[in-house]
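For reference, the structure is listed below as structure tokens.
The values are calculated or read from the model by the stated rules, or taken from the named source; none is laboratory data. Since this is a predicted model, take the numbers as computed values, not measurements. Neighbour counts are summed over all protein chains in view; Cβ atoms, including those assigned to glycine, are modelled from backbone coordinates with ideal geometry. Note: areas computed on protein heavy atoms with side chains; ligands, DNA, RNA excluded. Shrake-Rupley method; radii C 1.70, N 1.55, O 1.52, S 1.80 Å.
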Amino acid sequence: MRFSILTTALTYASVASAAITWSLQKASNPTADQAEAYTKIEAAMKLAVARYAKWSNASKTVHVYYSPGVPTAEANFNGDLRFGSDRSYMTQRTAMHEIAHTLGVGQTAAFDRLCASGNWPKALPLLRSWDGASAKINCGGGHFWPYGLNYETEWSETNGDRHVQLVDAMIADGLQGN
């Protein structure tokens with residue numbers, strides 16, 4: 001019995017420690033525009049983080065902001081993620097894409113090296129298991145494709161799942177290193 005309780009506690013602790021957590025910074029007395037944006041951003045982030053939790057062991061604390069001056073959305077490796085005022089980008093797809101940046105996509109020297117070499121020991125075989133033996137990970141402008149979710153037209157439930165799994169494999173390949 002003690003072993004069962006200990007095992008359950010350790011499993012919970014390991015799951016809880018491997019998670020993306022986030023908080024949305026809000027004005028104390030939001031305008032109607034801010035309130036609407038907060039609602040959309042929260043919905044997008046909840047869906048995105050739930051999908052990452054289902055398919056990834058990634059761990060990150062993300063600080064989310066509504067910044068009307070941002071044209072679309074942006075994020076960096078330090079964990080800051082900003083949504084601009086364009087409501088069409090306040091989606092699960094955008095949130096997932098930006099979370100990938102907080103995890104190192106397009107943000108680390110390791111990403112650049114891995115892209116330049118094409119040496120993705122875990123991510124490339126995963127991609128090829130879906131798309132065939134000739135599939136390759138393409139990189140440019142701090143992004144990757146396929147499955148980078150760079151545009152809304154790339155969205156599907158399957159592509160969302162594959163995006164997270166591919167980012168997770170990229171992390172295993174050293175994406176977050178220097």
Worksheet entry | Spatial separation of Cα centroids for the range 74-90 and the range 123-164, in angstrom | 21
Item to complete: Tabulate in residue order the Karplus-calculated ³J(HN,Hα) for the range 61-71, using 6.51 cos²θ - 1.76 cosθ + 1.60 with θ = phi - 60°, rounded to whole Hz; enter x for Gly and Pro.
Response: 9, 10, 9, 9, 9, 9, 10, x, x, 6, x
Worksheet item: Given (i) 11.3; (ii) 12.5; (iii) 10.5, which label gives mean projected area of the Cα convex hull in nm² as computed from the coordinates?
Response: (ii)
Worksheet item: With every protein chain present, what is the per residue accessible area of the range 75-148 (1.4 Å probe, Å²)?
Response: 41
Worksheet item: Taking the Cβ-Cβ separation of residue 53 and residue 74 as r and a Förster radius of 35 Å, what is the calculated FRET efficiency to the nearest 0.05?
Response: 0.95
Worksheet entry | Amide H contacts of residue 60 (H built 1.01 Å from N, under 5 Å, at least 5 apart or other chain) | 19, 20, 21
Practice prompt. Could you tell me what percent of the accessible area of the range 46-146 is made up of carbon and sulfur, with a 1.4 Å probe and every protein chain present?
Written response: 52
Worksheet entry | residue 24 paired with residue 128, simple spin-label distance in nm, labels 7 Å along Cα-to-beta-carbon | 4.2
Worksheet item: Per-residue ellipticity at 222 nm for the chain, helices alone: DSSP H runs ≥ 4 residues times -39500 (n - 2.57), over residue total, nearest 500 deg cm²/dmol?
Response: -15500 deg cm²/dmol
Worksheet, complete the sentence: Judged on accessible area alone, 1.4 Å probe, highest first, 62, 49 line up as 49, 62
Worksheet entry | Whole-Hz ³J(HN,Hα) from phi, Karplus 6.51 cos²θ - 1.76 cosθ + 1.60, for the range 122-127, glycine and proline x | 9, 5, 5, x, 4, 4
